[in-house]
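Here's the structure we're looking at; comments come further down.
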Amino acid sequence: MHNKDIKKAIHLLYVPTIFCNMGCSYCYLGDLTNKKIDLKKAVDTLKYTIEKFTKNGYIPYNLSFHGGEVTTLPPKTLAELFEIAKRYYEDFSNEISSLGYKIAPIHIKTNIFNLKPHYENLNRYKISISGSVDLPLKLHEKYRVDKDGNSTLPQILENLKWLANYKHHKKISCVVTKEHLTMIDEFIEDIKYIHYDIGLDMTKFNIMFSFDSNKNREKFSEPIAGAQMLNQDEQVLFYKKIFEAFEGSDLDEGLKNHWFKEFTPEFCCSAVNCGNKFFLVESDGKISSCPRGQSSPEYSYGNIYSDDIETIIQSGWKQIESNENRLSIDDECLSCEYFPYCNLGCTFVRDETQTSKSYTCKLQKQIYKSNPNRYPPYSSDTIKTYVKHYLFRNKITHASRLNIFDNQEKKEFTITPELYEDKNSLSSIINSDNILKSIYSDKLFKLEVDGTFYTLSSQIIKNRRDIIFLTPKSKINLYCHKSIFSINCLAENESNNNLHIMLLRGTHIVYGDEERLKQEHIFDYSLYKNSLIARSSQIDNYYKLDIKFLFLDHKELFLDGIKNNIFFTTKTMREYHYTKHRKNAFYHIQAINLPFANIEFYWMEDNNE
């Protein structure tokens with residue numbers, strides 16, 4: 001597949017069976033987990049889904065298996081599914097990498113009750129395992145029972161011990177309800193027990209909070225005492241108790257970076273519109289938003305067998321937008337300095353619980369305030385602008401009720417209509433200027449990271465973002481086209497021209513008279529032409545330069561969880577850009593951000609992350 005045929009990356013969850021061998025008291029799927037397994041459909045639908053999405057240019061960068069419970073499938077069937085996923089990653093690794101994603105391991109979400117028959121396949125395919133276990137274990141015995149109400153704990157403990165020695169990626173997660181808070185001391189002790197005594201590394205542990213779902217109410221009629229959702233003050237209390245117990249301990253890194261990660265902007269729950277990217281497909285072809293949404297027709301996007309792909313893709317964001325317009329919004333959110341981080345939280349949970357803000361709002365604010373470098377508060381002016389765009393996109397009925405776009409007391413800004421004339425568009429300005437065409441070319445720079453090549457182009461004209469992960473073990477080579485030193489430079493002056501590298505970090509500071517909030521500048525690096533040639537090898541029309549040292553020399557400036565942005569240009573290209581800024585107002589306003597070839601990256605000290 002050519003890159004020009006790729007439309008976008010998607011996150012694909014596949015549910016080969018919605019049947020589950022447990023009967024958890026707080027399950028949001030209710031009686032849906034009693035549905036019988038169709039083994040042939042389980043395999044055939046995955047094959048068909050992958051083929052249909054990829055043929056139409058939609059590339060799953062992550063393929064995970066969910067349920068129900070995937071381990072209720074026979075080992076032979078699950079091995080067939082793993083083999084399909086393995087071949088998919090092999091066949092589309094270049095496309096996934098070109099979209100800026102790492103090749104992920106095949107992943108399953110499981111209650112780990114029935115792992116034993118699958119030990120061989122899990123090892124063979126190096127499966128990433130996320131297991132659901134209740135803590136304290138006493139509550140697991142109470143709430144996570146089998147279909148007949150029997151305890152599953154003895155088998156769970158046996159599989160936790162097996163998981164501790166499993167050589168591939170693994171972690172466990174826990175759902176917290178009201179009763180968990182009353183047993184917080186035992187909760188803490190069982191984290192330690194699993195980590196130290198069983199030997200399962202709890203660094204990647206995930207904590208989730210239950211919510212009161214419609215399907216659960218249908219199944220149990222009356223709320224089960226203790227299994228109800230915590231209120232927001234109780235969630236914060238739980239968070240603080242966990243922090244008191246583990247801050248500064250061996251599990252400090254997990255506490256601060258993994259345990260409460262579901263409530264950060266990195267997760268789907270905080271997306272502006274999750275329907276743009278996340279798709280769950282069941283074995284009967286039904287497509288929904290996610291494991292939560294598969295229980296509700298209001299979160300269905302169609303069927304892979306009966307609907308064309310473009311209809312399904314469009315249905316995703318349209319359905320979420322439509323659902324958002326049915327829901328209310330707390331007016332407090334409209335002025336919240338953290339609003340762009342949460343975007344009201346999970347649409348489905350607010351729909352089920354009929355709340356007007358994220359059901360973990362206070363907890364999220366606590367997390368943001370505890371990490372001011374990662375989540376700095378936004379200014380009131382920024383929030384006003386952001387909220388207008390958000391409401392226009394997702395809450396048009398609410399925006400209309402507030403008259404947020406109408407009846408302005410004064411005109412907020414004036415822009416000459418000439419800006420919108422074709423001749424003054426950025427693309428027209430570039431195409432009419434040969435030097436600008438060179439500056440904005442995607443042929444000048446390439447980055448090679450561990451054997452994968454990334455074509456670098458200007459961030460202000462490309463329609464996708466490359467985001468990569470770098471570690472101290474990464475091999476990092478920059479390829480510079482031999483023509484870069486001649487752009488806007490006479491031949492006799494090329495030896496005085498230099499490669500210019502700029503690194504910015506996703507921490508924000510205020511710049512200039514405009515008081516714009518911009519990425520913080522971390523370092524510049526320059527290397528003159530002859531020096532670059534002396535330090536490079538020549539491959540075709542490129543100089544190949546090892547730049548790993550740049551990252552190692554500055555690694556202490558790379559903050560955990562914060563994106564970095566690195567740009568590549570030359571002295572004379574940079575000079576020409578700023579000269580054009582001064583001469584052409586239409587170019588200035590449209591190229592106000594750095595236009596040079598770039599790529600974004602996270603720095604990770606743990607190479608296994």
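When the chain is described by a simple charge dipole with +1 on each Lys and Arg Cβ and -1 on each Asp and Glu Cβ, the residue from Leu391, Leu153, Asn56 located farthest towards its positive end is Asn56.
Calculated FRET efficiency, Asp233 and Cys268, Cβ-Cβ r, R0 30 Å, to nearest 0.05? For R0 = 30 Å, the calculated efficiency reads 0.75. Checked against a 19 Å cut-off, the cross-linked pairs Lys261/Lys473; Lys261/Lys362; Lys102/Lys161; Lys147/Lys286 give Cα-Cα distances beyond that limit for Lys261/Lys473; Lys102/Lys161; Lys147/Lys286. Helical runs assigned H by DSSP (4 residues or longer) give the chain a calculated mean residue ellipticity at 222 nm of -10000 deg cm²/dmol, each run adding -39500 (n - 2.57) before division by the residue total. Fully extending the segment from Leu559 to Glu186 would add 130.9 nm, taking 0.36 nm per residue of separation and subtracting the current Cα-Cα distance.
The Cα center of the range 273-333 and the Cα center of the range 166-181 differ in position by 27 Å.
The GluC sites (Glu not before Pro) of the range 503-574 meeting both criteria, a DSSP state outside H, G, I, E and B (loop) and at most 10 other C-beta atoms within 10 angstrom of the site's C-beta, are Glu514, Glu515. How would the range 246-328 be classified by its alpha-carbon gyration tensor: rounded, prolate or oblate, with rounded meaning a/c under 1.5 and the a/b versus b/c comparison settling the rest? Here the range 246-328 falls in the prolate category. Taking the charge dipole of the range 443-542 about its Cα centre, with +1 at Lys and Arg Cβ atoms and -1 at Asp and Glu Cβ atoms, the residue from Phe469, Leu499, Leu517 reaching farthest to the positive side is Phe469. Considering only Gln232, Tyr301, Ile188, and ranking their Cα positions along the charge dipole of the range 159-317 that arises from unit charges at the beta-carbon of Lys, Arg, Asp and Glu, the one farthest toward the positive end is Tyr301.
Give the relative contact order (percent, whole number) for the chain; include only Cα pairs under 8 Å separated by 6+ residues. Relative contact order for the chain comes out at 11 percent. When the trypsin sites (Lys or Arg not before Pro) in the range 100-201 are filtered for DSSP coil states and for at most 10 other beta-carbon atoms within 10 Å of their beta-carbon, the remaining sites are Lys167. Entry comment: accessible area of the range 458-511 is 45 Å² per residue, from protein heavy atoms only and a probe of 1.4 Å. Computed from point charges on the beta carbon alone (+1 for Lys and Arg, -1 for Asp and Glu), the dipole magnitude for the chain about its Cα centre is near 1220 Debye. Please report the carbon-and-sulfur percent of the accessible area for the chain; probe 1.4 Å, protein heavy atoms only, DNA, RNA and ligands left out. The nonpolar share, carbon plus sulfur, comes to 49 percent. Rounded to the nearest 20, the size of the Cβ-charge dipole of the range 69-141 about its Cα centre is 160 debye, with Lys and Arg at +1 and Asp and Glu at -1. Pairwise Cα distances in the chain exceed 46 Å in 21 percent of cases. Cα centroids of the range 579-601 and the range 543-561: 25 Å apart. Solvent-accessible area per residue in the range 227-273 equals 42 Å², computed with a 1.4 angstrom probe and all protein chains kept. Relative to its Kirkwood radius, the Cα radius of gyration of the range 420-521 gives an Rg/Rh of 1.01.
Rounded to the nearest Hz, the phi-derived 3J(HN,Hα) couplings of the range 306-314 under the Karplus curve 6.51 cos²θ - 1.76 cosθ + 1.60 (θ = phi - 60°) are 9, 10, 6, 4, 4, 5, 5, 4, 5, where x marks glycine and proline. Basic side chains Lys and Arg get +1 at the Cβ, acidic Asp and Glu get -1 at the Cβ, and with that the dipole of the range 3-142 about its Cα centre reaches some 120 debye. Near the amide H of Phe469, within less than 5 Å, lie the amide hydrogens of Tyr602, all on another chain or at least 5 residues away, with H placed in the peptide plane.
The values are calculated or read from the model by the stated rules, or taken from the named source; none is laboratory data. Owing to the predicted nature of the structure, the values given are computational and were not obtained by experimental measurement. Virtual Cβ from ideal backbone geometry, glycine too; neighbours counted across all protein chains shown. Ligands, DNA and RNA are stripped out before the accessible areas are found, and what is left, the full protein with its side chains, is counted by its heavy atoms. Shrake-Rupley method; radii C 1.70, N 1.55, O 1.52, S 1.80 Å.
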